[in-house]
1. Averaging the inverse of every distinct alpha carbon separation and then flipping it gives the Kirkwood radius. What is it for the chain, in angstrom units?
2. Answer rounded, prolate or oblate for region 1-57, using the Cα gyration tensor with square roots of eigenvalues a ≥ b ≥ c: rounded when a/c is under 1.5, else prolate when a/b is larger than b/c, else oblate.
3. Once you have a ≥ b ≥ c as the square roots of the Cα gyration tensor eigenvalues for region 35-82, tell me rounded if a/c is under 1.5, and otherwise prolate or oblate according to whether a/b is larger than b/c.
4. Calculate what fraction, in whole %, of the accessible area of the chain sits on carbon and sulfur atoms when a 1.4 Å probe is rolled over the protein chains.
5. Compute the accessible area per residue over region 1-94, keeping the other protein chains in place, probe 1.4 Å, unit Å².
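The values are calculated or read from the model by the stated rules, or taken from the named source; none is laboratory data. Source: prediction; values computed, not measured. Calculation scope for accessible area: heavy atoms of the full protein, side chains included, ligands and nucleic acids excluded. Shrake-Rupley method; radii C 1.70, N 1.55, O 1.52, S 1.80 Å.
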Amino acid sequence: MSTKIVPVNTYIVVLVMLLALTVLTVAVSFVPLPPVGHVAAGLTIATLKATLVVLIFMHALHSPRVTWCVIVASIAWLLILFSLTYTDYLTRGDLPQMPGH
(Lines give C-alpha, C1' and ligand atoms only; values in the text may rest on other atoms or scores of the structure.)
Protein backbone atom coordinates (compact mmCIF):
# COMPACT_ATOMS: atom_id res chain seq x y z
CA MET A 1 0.00 0.00 0.00
CA SER A 2 1.46 3.34 -1.01
CA THR A 3 0.90 6.50 0.97
CA LYS A 4 -0.09 9.73 -0.68
CA ILE A 5 2.02 12.71 0.31
CA VAL A 6 -0.14 15.78 0.81
CA PRO A 7 1.58 19.04 -0.16
CA VAL A 8 2.14 21.66 2.53
CA ASN A 9 0.09 24.14 0.48
CA THR A 10 -2.97 21.94 1.00
CA TYR A 11 -2.54 22.13 4.77
CA ILE A 12 -2.16 25.90 4.61
CA VAL A 13 -5.31 26.27 2.50
CA VAL A 14 -7.26 24.05 4.90
CA LEU A 15 -5.93 26.03 7.87
CA VAL A 16 -7.10 29.29 6.29
CA MET A 17 -10.49 27.72 5.54
CA LEU A 18 -10.86 26.50 9.13
CA LEU A 19 -9.95 29.94 10.47
CA ALA A 20 -12.42 31.59 8.08
CA LEU A 21 -15.17 29.21 9.17
CA THR A 22 -14.38 29.98 12.81
CA VAL A 23 -14.70 33.71 12.10
CA LEU A 24 -17.97 32.98 10.27
CA THR A 25 -19.26 31.10 13.32
CA VAL A 26 -18.56 34.10 15.53
CA ALA A 27 -20.08 36.49 12.97
CA VAL A 28 -23.28 34.44 12.70
CA SER A 29 -23.69 34.57 16.47
CA PHE A 30 -24.16 38.36 16.20
CA VAL A 31 -26.78 38.15 13.44
CA PRO A 32 -30.34 38.39 14.76
CA LEU A 33 -31.73 34.96 13.93
CA PRO A 34 -34.30 32.80 15.65
CA PRO A 35 -32.75 30.25 18.03
CA VAL A 36 -33.25 27.45 15.51
CA GLY A 37 -31.38 29.52 12.91
CA HIS A 38 -28.35 29.86 15.16
CA VAL A 39 -28.34 26.15 15.90
CA ALA A 40 -28.70 25.25 12.22
CA ALA A 41 -25.95 27.66 11.17
CA GLY A 42 -23.63 26.49 13.92
CA LEU A 43 -24.15 22.82 13.13
CA THR A 44 -23.66 23.42 9.40
CA ILE A 45 -20.41 25.28 9.93
CA ALA A 46 -19.22 22.68 12.46
CA THR A 47 -20.00 19.91 9.97
CA LEU A 48 -17.96 21.65 7.28
CA LYS A 49 -15.04 22.08 9.66
CA ALA A 50 -15.20 18.46 10.82
CA THR A 51 -15.32 17.28 7.22
CA LEU A 52 -12.17 19.25 6.38
CA VAL A 53 -10.35 17.85 9.41
CA VAL A 54 -11.34 14.25 8.69
CA LEU A 55 -10.61 14.39 4.96
CA ILE A 56 -7.32 16.29 5.04
CA PHE A 57 -5.69 16.12 8.47
CA MET A 58 -6.80 12.55 9.20
CA HIS A 59 -5.99 11.50 5.60
CA ALA A 60 -9.39 9.89 5.03
CA LEU A 61 -9.42 11.28 1.50
CA HIS A 62 -6.77 8.75 0.46
CA SER A 63 -7.81 5.89 2.76
CA PRO A 64 -8.89 2.38 1.81
CA ARG A 65 -12.55 1.40 1.48
CA VAL A 66 -12.77 -0.12 4.94
CA THR A 67 -11.98 3.28 6.45
CA TRP A 68 -14.77 4.83 4.38
CA CYS A 69 -17.15 2.10 5.59
CA VAL A 70 -16.32 3.01 9.20
CA ILE A 71 -16.82 6.73 8.46
CA VAL A 72 -20.21 6.10 6.80
CA ALA A 73 -21.32 3.81 9.63
CA SER A 74 -20.28 6.41 12.21
CA ILE A 75 -22.21 9.17 10.44
CA ALA A 76 -25.26 6.91 10.11
CA TRP A 77 -25.12 6.11 13.82
CA LEU A 78 -24.78 9.80 14.70
CA LEU A 79 -27.83 10.62 12.55
CA ILE A 80 -29.81 7.87 14.29
CA LEU A 81 -28.89 9.28 17.70
CA PHE A 82 -29.77 12.84 16.65
CA SER A 83 -33.11 11.74 15.19
CA LEU A 84 -34.04 9.76 18.30
CA THR A 85 -33.10 12.68 20.54
CA TYR A 86 -35.08 15.12 18.39
CA THR A 87 -38.07 12.75 18.34
CA ASP A 88 -37.99 12.60 22.14
CA TYR A 89 -37.79 16.39 22.33
CA LEU A 90 -40.75 16.86 19.98
CA THR A 91 -42.98 14.43 21.88
CA ARG A 92 -42.68 16.29 25.17
CA GLY A 93 -45.76 18.28 26.14
CA ASP A 94 -44.00 21.13 27.91
CA LEU A 95 -42.26 22.74 24.92
CA PRO A 96 -41.92 26.51 25.02
CA GLN A 97 -44.21 28.26 22.57
CA MET A 98 -42.79 30.40 19.79
CA PRO A 99 -43.64 34.13 20.14
CA GLY A 100 -46.64 35.10 18.03
CA HIS A 101 -48.08 31.56 17.88
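1. 16.7
2. It comes out oblate by the Cα gyration axes.
3. oblate
4. Its accessible area is 76 percent carbon and sulfur atoms.
5. Per-residue value: 79 Å².
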